[in-house]
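Here's the structure, in C-alpha cells; my notes come after.
The values are calculated or read from the model by the stated rules, or taken from the named source; none is laboratory data. This structure is a prediction, so every number in the text was calculated from the model and none was measured. Methodologically, a virtual Cβ is constructed for each residue, glycine included, from the backbone with ideal geometry; neighbour enumeration extends over all protein chains shown.
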Amino acid sequence: MIRIHKHEGGSTQSVDGVDPAWLKPGSGVYVWVDLDSATREESRILADVFHFHELAIEDAMSESHHPKVESYGEYLYLILHGIDFAAAEHQFTTKDVDFFLGTQYLVTVHPGVSRTLGRINDLCDKDNRLLGEGPGVLLYRIIDTMIDNYRPEVEKLEDQLDELEDEVFEHPDQRLGRRILNFKKDVSSLRQVVLPERDAVARLARREFPLINESLAFRFRDVHDNLVRLSDEAMFFQDRITSILEAHLSSVSNQLNAVMKVLTIITTLFMPLTFITGLYGMNLELPHFGLGDNTMFWALMGAMLASVGVMLGWFRKRGWI
C-alpha cells in the first residue's frame with residue numbers, strides 16, 4: 001500500500017500521485033510518501049519518480065538491515081528500527097523502517113504495519129503542522145515517536161528481569177534455564193538495535209549533513225539522549241542477566257551436588273553390607289563361630305547395622321553430612 005501526503009499553501013491533503021515538479025528545491029510543496037509492504041509495481045515510484053540509487057532501493061525493499069545513515073548528495077538514506085507490537089507473544093522483535101529525506105520530500109518504506117507511521121499518517125491530514133514544518137521535522141517526529149515506543153518494551157523487560165531474579169534466588173528450578181536464555185536473547189536483540197541506532201542519530205545531531213540544519217540538529221540531540229539511556233539500560237540488563245544465569249547455574253550445580261552427595265553416601269553405606277551378604281551367600285561352608293544358623297543370621301544383621309552406624313557417625317564427624 002502506498003500513501004501520499006502533499007502540503008502546499010498551508011494545508012495538507014492526501015493525493016494519488018507525485019508530480020516531479022513538487023520535488024524540486026524551492027517548489028513550495030512538501031511531500032511525504034509512505035510505502036507499507038509495497039508491491040513491485042508500487043515500489044517503482046522510488047526509481048521512476050524520485051530516481052533513488054539502485055543500491056539504496058535494493059536495501060529499502062529487502063527485509064532487514066542494521067541501522068545506518070548514508071548521504072547520496074541530494075538526499076539522505078536512513079535505516080532505523082521500530083518495535084514490532086504485532087508479535088503474537090512477548091518477544092523483543094523490531095522492524096526496520098527506511099527513510100529517504102530530501103529538501104522537499106520524505107519517503108518511508110517499511111514491511112508491514114507500523115504503529116508509529118500509521119498514527120502519524122492518520123494525523124497528517126488533520127494537523128497541517130506535521131508536514132507543514134518540512135520533511136526534516138516530520139522525520140524527527142517519526143523517529144522520536146519510534147524511540148519513545150521502546151520505553152514500554154524496555155519496562156516489560158525490566159519487570160521480567162526482576163521476576164526471574166526472584167525465582168532464581170527463591171525457587172531455583174532447572175526449567176528456568178530456558179526462560180533465562182530466551183530473555184538473554186531479547187536483551188541481546190535490544191543491544192544490537194539500539195547501539196548502531198544511537199550512532200546513526202548521533203550523526204544527524206552533529207550536523208554532518210547539509211540537509212540537517214541547526215534547529216533540527218538540536219531536536220535530534222534529544223532523540224540521541226534517549227537512545228544513550230536505552231543503550232546504557234541494555235548494557236545494564238546484559239550484565240544483570242549474565243549474573244542471573246551464573247547464579248542459576250550455580251544453584252543447579254549445588255542441587256546436583258547435593259543429590260550426588262546423598263547417592264554417594266547411600267552407595268558407600270551399602271558397600272560393607274554387599275560384601276557381608278555376598279560373602280555369606282556363597283555356596284561354601286563358612287565359620288559360624290560356634291553359633292547356630294538362626295543366631296548367626298541375627299549376628300550378621302547386627303554387624304551390618306553397626307557398620308552403618310559407625311560409618312554415619314564418621315561421616316558426620318568429618319562434616320560430610
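Answer yes or no as to whether V29 is under 22 Å from P210 (Cβ atoms) and in the same structural domain as D199 (by TED's automatic domain parsing).
In short, yes.
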Assigned to a helix (DSSP H, G or I) and farther than 30 Å from V29 by Cβ, is that true of L230?
yes
Which of the residues that make up segment 12-47 are acidic (D, E) and in contact with a helix residue (DSSP H, G or I) (Cβ under 8 Å, 6 or more places away or on another chain)?
D34, D36
Check on D225, without any contact (Cβ under 8 Å) to a residue 60 or more places away in the chain and closer than 26 Å to S251 by Cβ
no
What's the number of the condition F218 fails, among (1) surrounded by 15 or more Cβ atoms within 10 Å (Cβ to Cβ); (2) aromatic (F, W, Y); (3) part of a helix (DSSP H, G or I)?
(1)
Unmet requirement for V113, which otherwise passes all of (1) in a helix (DSSP H, G or I); (2) more than 13 Å from L78 (Cα to Cα):
(1)
Report, by residue number, each residue of segment 172-228 that is of a type in the set (D, E, K, R), modelled with pLDDT of 90 or more and under 18 Å from N149 (Cβ atoms).
E197, R198, R219, D222, D225
Residues (out of contact with any helix residue (DSSP H, G or I) (no Cβ under 9 Å at 6 or more places or on another chain) and either in contact (Cβ under 8 Å) with a residue 60 or more places away in the chain or within 20 Å of D19 (Cα to Cα) (or both)) located in segment 54-74:
S71, E74
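Looking at this structure, is E165 out of contact with any strand residue (DSSP E or B) (no Cβ under 7 Å at 6 or more places or on another chain), in a helix (DSSP H, G or I), without any contact (Cβ under 8 Å) to a residue 40 or more places away in the chain and farther than 30 Å from V137 by Cβ?
Working: out of contact with any strand residue (DSSP E or B) (no Cβ under 7 Å at 6 or more places or on another chain): yes; in a helix (DSSP H, G or I): yes; without any contact (Cβ under 8 Å) to a residue 40 or more places away in the chain: no; farther than 30 Å from V137 by Cβ: yes.
When the stated conditions are applied, E165 does not pass them.
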Would you be able to say whether some residue in segment 180-194 is more than 16 Å from the chain's Cα centre (by Cα), in the same structural domain as D96 (by TED's automatic domain parsing) and in a helix (DSSP H, G or I)?
no
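Of the residues that make up segment 239-261, is at least one under 21 Å from M146 (Cβ atoms) and in the same structural domain as L176 (by TED's automatic domain parsing)?
Checked segment 239-261: no residue is under 21 Å from M146 (Cβ atoms) and in the same structural domain as L176 (by TED's automatic domain parsing).
Within segment 147-162, identify whether any single residue is assigned by TED's automatic domain parsing to the domain that holds V97, outside any helix (DSSP H, G or I) and modelled with pLDDT under 80, and answer yes or no.
Looking through segment 147-162, none of the residues is assigned by TED's automatic domain parsing to the domain that holds V97, outside any helix (DSSP H, G or I) and modelled with pLDDT under 80.
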